[in-house]
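What follows draws every value from the coordinates through simple rules; no lab data is involved. Predicted model only: the values in this text are computed from it and were never measured. Every residue, glycine among them, receives a Cβ derived from its backbone with ideal geometry; neighbour counts consider all protein chains shown.
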C-alpha cells in the first residue's frame, strides 16, 4: 500500500511494562506506516492488550519513546486521544439508546457542534449500513450490527488511527467478512488501523504487516507472506504433460515428492520470485515442458506454532 511521504502513524522504541516482578512488555519496537493495517498477534499473556492500552493512553508505560499520529504520548496525551479511536473486544453500545442516539452521544463526548455532529452521524449510519436500524434500540441489533455500530462510534471523531481490539470475536463468518470490508474501506480512505485478533485468518486477510509478540518481545515482523517464508514446508507444485517429462524433471531436480498418477512433483522452495525464476530456468534449459505450476507456502498457523511453540488456540 502506498503511503507517500506521510510520517509513521505509530512509533515505539524500547516500550516496557511490568507488573511487580512480571514483565509484560520487554523493550519492544514498533513502526506502523500511515494508512495501513498493522496486526499484533501473540499467545495468551503475550502483552498485546497491554500494548494497545499504552498506545491508546489508557495506561502508562514504564519506559519507551512513543509517538502516535505525530504526537509524543508522554508529553501530549490529550493530542493523542484527540487523534485516535478505540474499539474493544466487547461492544461499548448502550442497549437503551438507538443506533443514532449512540453515535450522537459519542459526538457530544467529542465536543462536536450540533450541525457537525448531525452530519457525521448521518454519514456513519450510511457508511456502516445501519440506515434501516438507526432509530431502533441497540438491544434489537444482531451481533454483526452491534459490532458495526461499535466501530462507527469509534470513528465519530474522525480519528487518524483506529485501534481495533479483537473486533470480530463472536461473530458469524458473514458478519466477520462484513467487518473486514469496512476495515478495508477505512484504510482506503486514509485511516490507519492497529488490529489485534484471535483469528489468524483475519490477520492474513487484512494486515499489511504483522508483528508476532511472545514473552513480551517481538519475535518476528513482516508482511504475511514474509512470515510464512520463515518456516519450512513451502513447496512448488509442478504438473507435467507426460510421464517422460515427469521422469526427466525428477532426475534433474533430485530430492522431490513425486506422484506418478497425477504427473506432479513437489519441489521444496520458499515461493519467492528468485527461486521460481531459477526453477523455471533450470527446466527450460533442459527442455522439459510443464503444464501447470502452483506455489504452496505455510499458513500463519504454521508460523505461529513454529515461532512460539504454542498452538493457534492460544492466540488472543
If the chain between residue 119 and residue 281 were fully extended at 0.36 nm per residue, the gain over the current Cα-Cα distance would be 52.4 nm
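Given N residues in region 60-111, what is Rg(Cα) / (2.2 N^0.38 Å)?
Numbers: Rg = 14.7 Å, N = 52, 2.2 N^0.38 = 9.9 Å.
Relative to the 2.2 N^0.38 Å estimate, region 60-111 comes out at 1.49.
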I want to verify a result. In a Gaussian network model of the chain, Cα cutoff 10 Å, which of these has the top mean-square fluctuation: 33, 224, 268? 268
Compute from the Cα atoms of the chain the Rg and the Dmax, the latter being the longest Cα-Cα distance, and quote both in angstrom. 23.8, 77
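Rounded, prolate or oblate: pick one for region 108-197, where a ≥ b ≥ c are the square roots of the eigenvalues of its C-alpha gyration tensor, a/c under 1.5 means rounded, and failing that, prolate if a/b is larger than b/c, else oblate.
Details: a/c = 1.85, a/b = 1.17, b/c = 1.58.
Cα axes put region 108-197 in the oblate bin.
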Could you give the length gained by full extension between residue 110 and residue 274, i.e. 0.36 nm per residue of separation minus their alpha carbon distance, to one decimal place? 53.9 nm
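At R0 = 25 Å, how high is the FRET efficiency between residue 63 and residue 225 if r is their beta carbon distance? Nearest 0.05 is fine. Could the numbers behind the result be given before it?
Numbers: r = 33 Å, r/R0 = 1.32.
My answer for the efficiency is 0.15.
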Gaussian network model of the chain, Cα springs within a sub-10 Å range: biggest mean-square fluctuation belongs to which of 284, 118, 17? 284
Helix-only mean residue ellipticity at 222 nm, the chain, DSSP H runs n ≥ 4 weighted -39,500 (n - 2.57), per residue, nearest 500. What is it? -10500 deg cm²/dmol
